[in-house]
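Worksheet: the structure to be examined is printed underneath.
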Amino acid sequence: MSSERSWLLAGNWKMHHGPAATAAYFNAFLRLTPPHPSRELLLFPPTLALPAAAQASSARSDVAIGVQNLHWESQGAFTGEVSAHMAREAGARWALVGHSERRHLFGESDEETRLKLEAAAEAGLHPVLCVGETIAERRAGEAEAVVRRQLTAALAGGRPSTRLAVAYEPVWAIGTGETATPDDAAQMHRAIAAELRRLLGEARVPVLYGGSVKPDNARELLQRPEIDGVLVGGASLDPASFAEICKAVP
Ligand code: PEP
């Protein structure tokens with residue numbers, strides 16, 4: 001069943017699961033999700049649970065851990081913040097940057113997203129750059145322009161020295177139960193791929209879809225040639241539900 005294609009399946013736990021719950025999660029999830037040649041699994045636990053996640057997944061080369069947020073400075077008087085180097089030391093190999101909850105709940109700008117992306121890469125982390133339009137921007141016909149602006153701003157420094165993935169996450173689909181149709185998602189993914197070629201040259205960057213992905217809609221999304229994986233929030237919190245999504249790789 002393996003193919004030339006490979007998929008990235010990422011779970012963003014947001015502010016759920018402390019260290020003890022993380023160890024229990026991996027115990028269940030890894031048993032349900034054996035290694036598969038055409039998929040990589042990424043889990044983004046809360047920062048405090050990074051060591052527990054890294055330890056619990058250390059025997060699995062197909063599983064990597066990421067940090068949900070970081071500060072762009074490497075150290076300093078920034079109470080409550082964590083640097084990319086610290087996240088890496090705690091076991092992270094990937095970093096989410098520009099998640100819509102960071103942009104819209106915490107007011108993070110395109111410029112701060114760029115700083116975070118560059119700090120992540122400088123520390124050896126692979127960024128997952130999240131982009132996506134609000135419902136008002138979509139209704140105004142601005143969806144592609146907004147996403148192009150977010151990509152251009154975050155990648156102004158050029159291709160990161162580490163691996164890069166982009167996640168298209170329409171804000172109106174995150175945590176709402178609404179999903180972009182596979183056709184709408186595929187259309188935006190083509191626009192993102194074209195913009196990435198313009199900004200970074202020919203090398204292929206995986207583009208994931210995120211926004212209310214569930215076991216019952218994952219297969220249809222992952223079958224589309226433009227969709228290289230999924231970034232899953234709510235449905236990744238339960239190991240059985242995320243394992244079902246991971247099995248949806250064609
Ligand atoms: C997310 O947090 O990135 C996300 C896509 O959430 P949900 O799957 O719950 O919509």
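Which helices (runs of 4 or more DSSP H) does the range 150-250 wholly contain that include 3 or more residues that are open to solvent by 60 Å² or more (accessible area, probe 1.4 Å)?
So the answer is 182-200, 215-222.
Yes/no matrix, rows are residues, columns are (1) in contact with a His (Cβ under 7 Å, 6 or more places away or on another chain); (2) at pLDDT 95 or above; (3) open to solvent by 20 Å² or more (accessible area, probe 1.4 Å):
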| position | (1), (2), (3) |
| --- | --- |
| Ser61 | no, yes, yes |
| Val67 | no, yes, no |
| Ala77 | no, yes, yes |
| Glu89 | no, yes, yes |
| Arg103 | no, yes, yes |
| Leu115 | no, yes, yes |
| Glu118 | no, yes, yes |
| Ala123 | yes, yes, no |
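Select, from Ala95, Ala64, the only residue that is within 16 Å of the ligand (Cβ to nearest atom), in contact (Cβ under 8 Å) with a residue 12 or more places away in the chain and not in a loop (DSSP other than H, G, I, E, B). Even if it seems obvious, please write down each step before you answer.
Numbers: Ala64 fails: within 16 Å of the ligand (Cβ to nearest atom).
None of the other options fit; the residue is Ala95.
Do you know which residues across the range 34-46 are crowded, with 17+ Cβ neighbours inside 10 Å and either closer than 18 Å to Arg93 by Cβ or under 19 Å from the mean Cα position of the chain (by Cα) (or both)? Don't jump to the end; show me each part of the working.
To start, the set of residues in the range 34-46 that are crowded, with 17+ Cβ neighbours inside 10 Å comprises 36, 39-46.
Hits for the range 34-46 are Arg39, Glu40, Leu41, Leu42, Leu43, Phe44, Pro45, Pro46.
Identify all residues within the range 197-217 that are over 15 Å from the mean Cα position of the chain (by Cα) and either within 11 Å of the ligand (Cβ to nearest atom) or under 13 Å from Cys246 (Cβ atoms) (or both); write none if there are none.
Listed by number, the residues that qualify are Lys214, Pro215, Asn217.
Report whether or not Ala53 is surrounded by fewer than 19 Cβ atoms within 10 Å (Cβ to Cβ) and more than 16 Å from the ligand (Cβ to nearest atom).
no
Restricting to the range 27-61, name every residue that is assigned to a helix (DSSP H, G or I) and in contact (Cβ under 8 Å) with a residue 40 or more places away in the chain.
Listed by number, the residues that qualify are Ala28, Phe29, Leu32, Thr47, Leu50, Pro51.
Would you point out which residue out of Leu208, Leu231 is over 20 Å from Arg138 (Cα atoms) and of a type in the set (A, V, I, L, M)?
That would be Leu231, the only listed residue that is over 20 Å from Arg138 (Cα atoms) and of a type in the set (A, V, I, L, M).
Only one residue in Glu108, Glu73 is more than 19 Å from the chain's Cα centre (by Cα), surrounded by fewer than 20 Cβ atoms within 10 Å (Cβ to Cβ) and over 22 Å from Pro239 (Cβ atoms), so which one is that?
Unique residue meeting the criteria: Glu73.
The values are calculated or read from the model by the stated rules, or taken from the named source; none is laboratory data. Just so you know, these numbers come straight off a predicted model, no measurement behind them. A quick note on method: Cβ atoms are made from the backbone with ideal geometry, for glycine too, and the neighbour counts reach across all protein chains shown. Quick note on the areas: whole protein, heavy atoms, side chains included, nothing else; ligands and nucleic acids left out. Shrake-Rupley method; radii C 1.70, N 1.55, O 1.52, S 1.80 Å.
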